[in-house]
Amino acid sequence: MDSIRDYRDRLAALSSSGLDSGTKLLEAMPSLPALPASVTTAASAHGQTLLAEGQRRLGWLQRSIRTATATATAAATGRYVHPEPEPEGSGAPPPAPQSTEADIDYVLVYHDPSYTPTPRDRAPQSTHPLPLLAPPLPNHYRYHSLRAQISPYPTPWGLYPSSTNFQVTANGRPLEVVSLTSYDYVHFGAACGAGGVVEVKIASVTEDITSYRISPAKMEIRGSMADDIRLLSFTIAKPGYFIVKINLLRELLILCDPAEEDVPPPLGEGVFNVLEGRYSADQTGKRYSTEAFQRALDDANRFAISTPSPPPPPDSQPHADLHVEEEPRPPAPQLPRQAVVYVPPGLYLIQNLILPSHIALYLEAGSVLKFSGIHHDYIPHWHKTSQGRDITRWITTAPPSATSTEQYPTTNITIYGRGTIDGSGHYSTTTQNPRIGNNILAPISVNGFVVRGVIIRDSGSWAVTPVRCADVCIENVKILNRMDMPENDCLAVMESCNVRVSNSIAVSMDDANSVRTWTVGADAVRGWGAAAASPGMGLPARDIAWRGCLAWTKSWAFKVGQAVFSRIENVTVEGCVVYDAAFGMGIHHRFGSAPVASIYFLDCDVERVSHELPVAGGGRSWFAVCGEEVGSWGKGTITDVEVHGGVVFERGRGGAVVRGVEDGGEVGTVFFRNVMMAEDGDGCGRKAGSWRDVGVHVADRRGVKVFVEDEEVVLDKRKMLEGFESDESEDDDGEESDGELVTDW
């Protein structure tokens, strides 16, 4: 009952905040003279949005109170009675409490002839990279942006340890700072519509702030410490994910999500709440809730199949934004609607789950699905030979049977919200005996798989592994793994097509983002089922795109490979940022003999490559194309690779590396165009006009063609080395150079 009361109180606070902020905004507007029309329109829209959000949350509050009453009655009598809906408009909403200064989420532009600018107002515009609500105003207008409405996303009952280094607020609202091994993070939502901004304040608990940096660097976010040497403030103009490094302290991740727009009601037709009497999941984490979740998922599936949804618009082209143009598609078939499985805040201990078709699993902020790590409570789907441990596909789908002729037996699945899926990876792989790892999300042969908004953390193996899927969308997802666990890749796309990953962050010790294809004899393939398109063989991976993503790893940030047993083609990495890695981006063709073709890295920034990785002899680099021949696994060609745009802040050891294998493992054309080198730290850089600027090293292999700004790089390694020594035989201090730019790996 206490947990339900907490849930009700939080809804009440959210609804009253929206009503109060919207009312104050609209009431203040008539008292401000000479308000520009464009600003009036934007401010009015913001006020109306706040009011509508408040009313919507009040409706949820009234429903949750009725549900709480029914649940309490069930606890006392053992009989659950579904609450009857109240007639619309009945009952007056509770009065909103008096708001504090932090609740007033608006400041407007208004006319003030007597205004005298202060030094802060005269600051250069570049220090305040905020969008204006209206065109630039004359000097006699005062300008401030609307403050975005903040929704903190706390974890239940202090589940995770708090940071000992930082305290954080957003627009005056305190946020929970979670500690995860070598870094901390905060998670919150911001309604930045109509020009709203977020002011983030970070207080250093342990020491004075003497230095800081904020990534992505291309956002040009500049902080201020004012009069407090332990308080860093900066403003962000739109939701996004940021990494803040203060002094030599651990990194702090600022995870600012956009405000939720598709939140389902906790109860209603087509909504299956796991706390309802038929399911009665345990939200305290003291016992497993697997049966309750699986029953709710199956009930949702049956409801969805019996209730068809209207057909999509005939001109719908969900993947028209991929780099490679697609052939026109026939109209999509009419699918059943998705039914919602609603997970309120709480801690839920979960064993293996099978996701059926046509369901949407909604994780409300404050909900955590937890992996227990007890080996005998999970199905060991495959065995990781290199680490001597079993791996379970924790949340997965039913694979096709050996006799199935249907390539995608499961369709139309969504996992979304602001909750957390916790793999307890370190505990389950180091503390338990026998040990067991997990693939946290492992959809197999699914057509239409969407993951949006959730946190996925601490996986015990590769965290998210779409296997032989089509039409996959991963958006605003935070994959937060430890930095001290090998084989904890964040996202490994395997033999899938039409995959879009956007506005997401991946943190891990092992590969952050990768594309792979396998042979039927590999350990990871066990339990995948038959590949209907080519039984007994692997499937190609094609039409895959990462856009606007942030990666931090000790391995590869964005990689094609290592396993290439069937063709990989049309992979695009665009507008992404590498915070730190051993290899920023590239291709590693190590196992298999299938070709890799049409790989594009567009407008990607590499900020640091400070880690070492034993690839092709060992090293680190902002970009690499490496072909290898390992034992009898074969070798394959790599063709049509393009690196276009972006800023390189650190090249690594030897710069970019291009290396093929003779007699079947050659590298075709690799283009570098409009790449900016900014190793001097000024953030601007200069355009790379030659292989010296890019730091490209072409190993002595036949068939390699590398172009920098359409000028072909000399392929004879000896001539490259001689040219390097003749032009730069001495450093600025007169000492001999060691020729590190062309060191062979």
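The values are calculated or read from the model by the stated rules, or taken from the named source; none is laboratory data. A quick note: this is a predicted structure, and the numbers were derived from the prediction, not measured. Positions of Cβ are backbone-derived with ideal geometry, glycine not excepted, and every protein chain shown enters the neighbour counts. Quick note on the areas: whole protein, heavy atoms, side chains included, nothing else; ligands and nucleic acids left out. Shrake-Rupley method; radii C 1.70, N 1.55, O 1.52, S 1.80 Å.
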>> So in the range 622-639, with the set limited to residues that are part of a strand (DSSP E or B) and over 28 Å from the mean Cα position of the chain (by Cα), which one is nearest to Phe591 (Cα to Cα)?
In response: Gly627
>> I need a count of the residues in the range 165-224 that are of a type in the set (Val, Ile, Thr) and either out of contact with any strand residue (DSSP E or B) (no Cβ under 9 Å at 6 or more places or on another chain) or not in a strand (DSSP E or B) (or both).
In response: 7
> In this structure, does Arg547 turn out to be touching a helix residue (DSSP H, G or I) at 6+ places or on another chain (Cβ under 7 Å), surrounded by fewer than 24 Cβ atoms within 10 Å (Cβ to Cβ) and not aromatic (Phe, Trp, Tyr)?
Replying inline: no
>> So Glu251 passes all but one of these: (1) charged (D, E, K, R); (2) farther than 25 Å from Arg482 by Cα; (3) crowded, with 17+ Cβ neighbours inside 10 Å. Which condition number does it fail?
In response: (2)
> In this structure, is Ser280 open to solvent by 20 Å² or more (accessible area, probe 1.4 Å), of a type in the set (Ser, Thr, Tyr) and in contact (Cβ under 8 Å) with a residue 12 or more places away in the chain?
Replying inline: yes
> Out of the range 177-197, which residues are surrounded by 19 or more Cβ atoms within 10 Å (Cβ to Cβ) and touching a helix residue (DSSP H, G or I) at 6+ places or on another chain (Cβ under 9 Å)?
Replying inline: Ala191, Ala194, Gly195, Gly196
>> Test of understanding: among Ser459, Ser445, which residue is open to solvent by less than 10 Å² (accessible area, probe 1.4 Å), of a type in the set (Ser, Thr, Tyr) and over 17 Å from the mean Cα position of the chain (by Cα)?
In response: Ser445
>> Restricting to the range 240-277, name every residue that is under 17 Å from Ser163 (Cβ atoms) and in a loop (DSSP other than H, G, I, E, B).
In response: Asn247, Leu248, Leu249, Arg250
> Say we look at the range 638-677 and pick out the residues that are farther than 23 Å from Ile568 by Cα and of a type in the set (A, V, I, L, M); which of these is most open to solvent (accessible area, probe 1.4 Å)?
Replying inline: Met676
> Ser357: assigned to a loop (DSSP other than H, G, I, E, B), touching a helix residue (DSSP H, G or I) at 6+ places or on another chain (Cβ under 8 Å) and small (Gly, Ala, Ser), yes or no?
Replying inline: yes
>> Condition first: assigned to a strand (DSSP E or B), open to solvent by less than 20 Å² (accessible area, probe 1.4 Å) and either in contact with a Leu (Cβ under 6 Å, 6 or more places away or on another chain) or not β-branched (Val, Ile, Thr) (or both). Now tell me which residues in the range 150-164 satisfy that.
In response: none
> Does at least one position in the range 521-537 carry a residue that is more than 18 Å from Val493 (Cβ to Cβ) and modelled with pLDDT of 95 or more?
Replying inline: no
> Just to be sure, is Val450 aliphatic (A, V, I, L, M), under 22 Å from Ala365 (Cα atoms), in contact with a Cys (Cβ under 9 Å, 6 or more places away or on another chain) and surrounded by fewer than 20 Cβ atoms within 10 Å (Cβ to Cβ)?
Replying inline: yes
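Evaluate the following for Ala688: is it modelled with pLDDT under 70, of a type in the set (A, V, I, L, M) and surrounded by 15 or more Cβ atoms within 10 Å (Cβ to Cβ)?
no
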> Any idea which residue in the range 570-618 is surrounded by the fewest Cβ atoms within 10 Å (Cβ to Cβ), counting only those that are under 26 Å from the mean Cα position of the chain (by Cα) and of a type in the set (Phe, Trp, Tyr)?
Replying inline: Tyr600
> So Ile202 fits all but one of (1) open to solvent by 10 Å² or more (accessible area, probe 1.4 Å); (2) touching a Phe, Trp or Tyr at 6+ places or on another chain (Cβ under 9 Å); what number is the exception?
Replying inline: (1)
>> Just to verify a result, which residue in the range 478-489, among those that are touching a residue at least 40 places away in the same chain (Cβ under 8 Å) and among the hydrophobic types (A, V, I, L, M, F, W, C), is surrounded by the most Cβ atoms within 10 Å (Cβ to Cβ)?
In response: Leu480
